[in-house]
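Values in this text are rule-based calculations from the coordinates and carry no lab data. No experiment lies behind these values; they were computed from the predicted model shown. Neighbour counts are summed over all protein chains in view; Cβ atoms, including those assigned to glycine, are modelled from backbone coordinates with ideal geometry.
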Amino acid sequence: MSDDSPVDGTADDAGAAAPSATSSARDSDSESDSESSTATATADDVPPDVRKYERFKKMDGAQYDRVNDFLRDRTYITAREWAIARLCVDFRTETGVEMTKIGENLPELVPFMTDTYSPQAVNQARSAFEDKVRKAGATFLYGAMSGFFTAEELDEMMYEVTEIAKFLLEVEGVDLSVAEELDAEDRISEVMREVRESSESLRDDLD
């Protein structure tokens, strides 16, 4: 008889647990509804201009590390600095850059950014971008002005860096027509010719 007791007890426990499972299912449904409402409320809190933002759509599913590695192999900037620099251009008003909006909605705006940022962190990334562009520009112009590169080498270099810059713009969602690309290349070539000529004149004066 004592051997049957645990079996009876188990059956009773299973019977008692049945209503509890039903109750848990109801609780789970209730939690799901609550989460759904929260998600809707969160979506409603996203500013309209953030919801309509179309940049970086080509990067859906991209991982931050892969984007970062690509940029670090070809530029001085990180994925974070690239994304925030673009956002600072697109969310600039007459009174300045909307850093709070950018930081709070960063994952909504850029697929490979998964965390929100404080306004201070946004400003820090923007400053880092500016600093790197300034140093890269000074380095490039010194190379161009010093006579280190021949005219042919400079033309080849300009073609390579222009292609990388155009690729980044296209990834952001900028559609460049063939005419626009050719016009940009012509203008860049013209500027570089002026840089070379002015540099040669300056070096002659210094000699």
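If you take just the helices (runs of 4 or more DSSP H) that sit entirely in region 88-187, which of them hold at least 1 residues that are among the polar types (S, T, N, Q) and surrounded by fewer than 16 Cβ atoms within 10 Å (Cβ to Cβ)? Once the helices (runs of 4 or more DSSP H) in region 88-187 are filtered for at least 1 residues that are among the polar types (S, T, N, Q) and surrounded by fewer than 16 Cβ atoms within 10 Å (Cβ to Cβ), what remains is 99-104, 119-145, 151-172.
Residues checked against (1) exposed (fewer than 15 other Cβ atoms within 10 Å of the Cβ); (2) part of a helix (DSSP H, G or I):
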{"position": "50", "(1), (2)": "no, yes"}
{"position": "55", "(1), (2)": "no, no"}
{"position": "58", "(1), (2)": "yes, yes"}
{"position": "65", "(1), (2)": "yes, yes"}
{"position": "68", "(1), (2)": "no, yes"}
{"position": "71", "(1), (2)": "no, yes"}
{"position": "77", "(1), (2)": "no, no"}
{"position": "80", "(1), (2)": "no, yes"}
{"position": "86", "(1), (2)": "no, yes"}
